[in-house]
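The next block holds one structure in the form of structure tokens; read it before the comments.
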């Protein structure tokens, strides 16, 4: 296994957390694909950070195992080692574990109580769960 994979968050149970600024860099890389620092800066929110700040943040992301690079002389092209979907999934699971006792039902209940989730939203969620379970059963029929 290459050294960069050994430190990759995809190979550890506890994914390192990202700061807001680091997440913004990751969002840029997920949107742009492999990029140089000069390509990342224009897609970051205002006020856009200085080149050196972005470069430092990317080095931190490399150290954390979220990003790697290809060297082109003195320039580096950076790319994400973890997909947006995987990061989102792990973040939500950590949120549910840390704040809702590991229960997605408690999470949904929270949104209902806060009136952030309507009956229509709940029905759509139930339809998605039923569809996923049906698809799962179709792929894994019982003997």
With label points set 7 Å from each Cα along the Cα-to-Cβ direction at residue 126 and residue 63, the distance between them in nm comes to 5.0
Here, residue 114 and residue 97, labelled 7 Å along Cα→Cβ, have an inter-label distance in nm of 2.1
The Cα radius of gyration of segment 20-113, divided by 2.2 N^0.38 Å with N its residue count, comes to 1.32
Relative contact order in percent for segment 11-143 (Cα pairs under 8 Å, 6+ apart) equals 17
Distance in nm between residue 88 and residue 31 label points, each 7 Å along Cα→Cβ, equals 1.5
Mean Cβ-within-10 Å packing, highest first, puts peptides 71-84, 108-121 in the order 71-84, 108-121
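Bear in mind these aren't lab numbers, they're just calculated from the coordinates by the rules spelled out. Owing to the predicted nature of the structure, the values given are computational and were not obtained by experimental measurement. Reconstructed Cβ throughout: ideal geometry from the backbone, glycine too, with neighbour counts over all protein chains shown.
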